[in-house]
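Below you'll find the structure, written out as structure tokens, and then a few comments.
The values are calculated or read from the model by the stated rules, or taken from the named source; none is laboratory data. Just so it is clear, the structure is predicted and the values come from calculations on it, not from any experiment. Heads up, the Cβs are rebuilt from the backbone with ideal geometry, glycines too, and the neighbour counts pull from every protein chain shown.
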Amino acid sequence: MSITDMTAVEVAAAIRAGKMTAVEAAEAMLARIEEQDKRYNCYVTVDRAGALAQAREVQAKIRAGELTGPLAGVPVAVKDNMCTEGLLTTCSSKILGNFVPAYTAEAVLKLKEAGAVILGKTNMDEFAMGSTTETSAYGVTRNPWNTGHVPGGSSGGSAAAVAAGECWYALGSDTGGSIRQPASYCGVVGMKPTYGTVSRYGLIAYGSSLDQIGPLTKDVTDCAAVLEAIASHDEKDSTSVERQDTDFTSALVEDVKGMRIGIPNDYLGDGLDEEVKAAVLKAAADLEGKGAVVERFDLSLVEYAIPTYYTIAAAEASSNLERFDGIKYGYRTEAYAGLHSMYKKSRSEGFGEEVKRRIMLGSFVLSSGYYDAYYLKALRVKALIKKAFDEAFAKYDVILGPVAPTTAPELGYSLLDPIRMYLGDIYTIAVNLAGLPGISLPCGIDKNGLPIGLQLIGDCFQEKKLIQTAYTYERLRGVFPSGKDQEINSPEPDEKEECRHE
Amino acid sequence: MANIISDETIEYVGILAKLELSAEEKEQAKADMGRMLDYIDKLGELDTTGVEPLSHVFPVQNVFREDVVTNSDMREELLGNAPEQKDGMFMVPRTFE
């Protein structure tokens with residue numbers, strides 16, 4: 001077994017035991033990226049020199065006994081919407097094509113404190129707006145299971161990098177499913193924590209009331225270890241929640257006896273692929289066999305989550321993205337006549353199509369005359385959706401369902417019809433509206449050889465129940481194949497556009 | 001399509017959004033926004049009378065801290081990202097004659 005096939009926690013243990021060094025780990029991973037990332041395009045930026053320098057520093061601290069944690073010395077990939085001091089941070093947008101932050105996002109700092117080595121920045125949908133990583137200004141990322149298919153999005157580069165063995169784990173961000181859905185499409189584990197658990201300081205905002213950073217990993221053990229490292233109460237994020245129960249690895253217990261699991265009938269209806277449905281129900285039956293109490297129930301309001309989400313997210317995006325004005329950072333147009341013309345031309349040339357579509361929609365729903373009818377209406381429906389979940393969690397510990405209606409679509413398919421792409425978020429999006437934690441983990445492979453994801457949703461602050469249920473299921477399921485072993489399925493990709501930054 | 005977006009509306013939204021769309025982009029934006037609003041209109045099926053808008057999922061309050069400087073002087077690093085700078089300041093186009 002190559003060391004790139006090990007899990008993050010295994011690599012850290014090997015480094016602690018002196019079987020390898022953090023520098024060797026970084027070198028092995030950089031060599032793998034060098035060898036195969038032309039094929040997948042998981043990374044926007046690879047920081048070779050920086051990673052090796054960090055690895056030497058971390059190794060010295062491990063040797064001195066200053067770093068002893070479960071992730072010390074392990075290289076990580078970071079989604080390109082989290083600021084990294086001195087390292088290009090593009091949000092996969094032309095408008096931030098030359099942006100080098102002066103500070104590092106709090107979640108990334110937490111990882112560095114735990115001894116992580118930052119390999120580079122992963123590709124994403126521009127400003128996290130998309131479900132396929134095809135709206136990136138720096139080329140599409142390809143699914144390692146089959147390069148003719150998308151990796152999902154918006155954290156597609158992070159999910160594909162984990163699946164392709166181009167990092168041991170990665171950070172992503174999830175506004176409407178952007179960690180869980182690509183994790184599902186790429187056959188890896190992805191978790192969106194309870195809103196407020198991980199600081200958003202230094203995360204370039206899309207929909208601030210919905211955005212949350214979380215891990216993408218090879219297994220549930222790594223997921224718990226990473227979440228434990230990045231969870232923090234941060235005064236620099238006014239929505240950060242102070243929690244005492246962030247020892248998530250303590251929930252890695254193989255036991256679901258008496259765990260009350262509800263399956264929403266609404267998550268098994270029209271539009272759900274039969275193979276996905278069968279795999280998800282099989283997982284539920286497996287958990288029932290281990291002593292969980294599994295029931296079907298009606299969650300209600302499911303079809304209202306997507307229009308509610310797109311109203312709120314577009315409104316917040318239109319406000320958050322006002323800061324890109326061609327003055328303080330980022331792209332400025334060449335020719336203009338006065339200040340306002342400079343603003344408009346810089347933004348129109350710097351933003352891509354999907355970003356402009358959402359800014360326009362957001363500006364409209366916030367405009368006078370429409371604010372009550374659209375924006376406030378959506379916030380009222382959000383309250384109803386939250387209430388529906390509250391009622392469900394009075395009866396159940398965990399809600400179980402699919403992550404997405406299908407496995408990964410082919411490249412190009414989703415972009416033909418934005419609303420069809422939005423509908424793919426139906427099972428993930430309400431979780432963000434209600435601030436809940438959710439985890440995605442692989443539960444099967446369809447007839448085309450693409451992975452199927454299982455989603456577990458918990459009540460606010462109940463990550464441990466999710467981790468315990470996911471860990472138990474993972475043990476029952478057994479080893480899941482790695483995406484990088486499936487390359488035989490893949491057609492040779494066309495020459496990709498060369499727009500990588502080095 | 002129930003929602004017909006007029007040229008005037010797209011023009012106005014473009015001003016709010018600080019975006020300059022080409023004629024072709026405007027037509028596309030009219031169609032896209034109309035379709036999205038048709039879809040969003042589904043929320044009208046729900047009676048939300050008496051439901052308070054929920055902007056934050058937890059009942060959090062404003063967070064206050066002492067007004068003390070905690071960061072260091074990062075003027076050079078911050079100006080380093082500016083498209084144009086002069087004498088330690090951001091350069092902007094002339095705003096009045």
Is it the case that residue A:132 is crowded, with 21+ Cβ neighbours inside 10 Å and among the polar types (S, T, N, Q)? yes
Yes or no: residue A:175 of a type in the set (Ser, Thr, Tyr) and either closer than 26 Å to residue A:305 by Cβ or buried (at least 24 other Cβ atoms within 10 Å of the Cβ) (or both)? yes
Among residues belonging to the stretch A:378-408 that are among the basic types (Lys, Arg) and in contact (Cβ under 8 Å) with a residue 60 or more places away in the chain, point out the one that is farthest from the other protein chains (Cβ to nearest Cβ). A:395
Of (1) under 25 Å from the mean Cα position of the chain (by Cα); (2) more than 25 Å from residue A:325 (Cα to Cα), residue B:24 satisfies all except one. Which? (2)
Members of the stretch A:282-306 found to be surrounded by 15 or more Cβ atoms within 10 Å (Cβ to Cβ), aliphatic (A, V, I, L, M) and either in contact with a His (Cβ under 6 Å, 6 or more places away or on another chain) or over 16 Å from residue A:432 (Cβ atoms) (or both), listed by number: A:283, A:284, A:287, A:292, A:293, A:294
Given A:370, A:375, which one is under 14 Å from residue B:37 (Cα atoms), more than 7 Å from every other protein chain (Cβ to nearest Cβ) and over 31 Å from the mean Cα position of the chain (by Cα)? A:370
Pair list, Cβ < 7 Å and 6+ apart or interchain, from the stretch A:323-341 residues that are more than 8 Å from every other protein chain (Cβ to nearest Cβ) and more than 20 Å from residue B:76 (Cα to Cα) to residues that are crowded, with 19+ Cβ neighbours inside 10 Å and among the hydroxyl-bearing types (Ser, Thr, Tyr): A:333/A:346
I need the full set of residues from the stretch A:222-255 which are hydroxyl-bearing (Ser, Thr, Tyr), in contact (Cβ under 8 Å) with a residue 12 or more places away in the chain and part of a loop (DSSP other than H, G, I, E, B), in order please. A:232, A:239, A:240, A:246
Can you give me the number of residues within the stretch A:24-56 that are in a helix (DSSP H, G or I), within 26 Å of residue A:13 (Cα to Cα) and not charged (D, E, K, R)? 14
Here is a list of conditions, (1) within 14 Å of chain B (Cβ to nearest Cβ); (2) surrounded by 22 or more Cβ atoms within 10 Å (Cβ to Cβ); (3) within 25 Å of the chain's Cα centre (by Cα), and residue A:276 meets all of them except one; can you say which number that is? (1)
(1) more than 9 Å from every other protein chain (Cβ to nearest Cβ); (2) free of Cβ contacts under 8 Å to residues at least 12 places away in the same chain all hold for residue B:75 apart from (2)
Restricted to the stretch B:78-97 and to residues being among the hydrophobic types (A, V, I, L, M, F, W, C) and more than 7 Å from chain A (Cβ to nearest Cβ), the residue farthest from residue A:99 (Cα to Cα) is B:96
Test residue B:8 against the stated conditions and say whether it is within 10 Å of chain A (Cβ to nearest Cβ) and loosely packed, with under 10 Cβ neighbours inside 10 Å. no
Among the residues of the stretch B:39-69 satisfying the criterion of being modelled with pLDDT of 95 or more and more than 7 Å from chain A (Cβ to nearest Cβ), which is farthest from residue A:388 (Cα to Cα)? B:41
On the given criteria, is residue A:354 of a type in the set (Asp, Glu), part of a helix (DSSP H, G or I) and over 30 Å from residue B:47 (Cβ atoms)? yes
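Conditions (1) within 21 Å of residue A:8 (Cα to Cα); (2) acidic (Asp, Glu); (3) touching a Phe, Trp or Tyr at 6+ places or on another chain (Cβ under 9 Å), marked per residue:
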residue: A:202; (1), (2), (3): no, no, yes
residue: A:213; (1), (2), (3): yes, no, no
residue: A:219; (1), (2), (3): yes, yes, yes
residue: A:227; (1), (2), (3): yes, no, yes
residue: A:236; (1), (2), (3): no, no, yes
residue: A:244; (1), (2), (3): no, no, no
residue: A:251; (1), (2), (3): yes, no, yes
Mind checking whether some residue in the stretch B:19-33 is among the charged types (D, E, K, R) and within 30 Å of residue A:301 (Cα to Cα)? yes
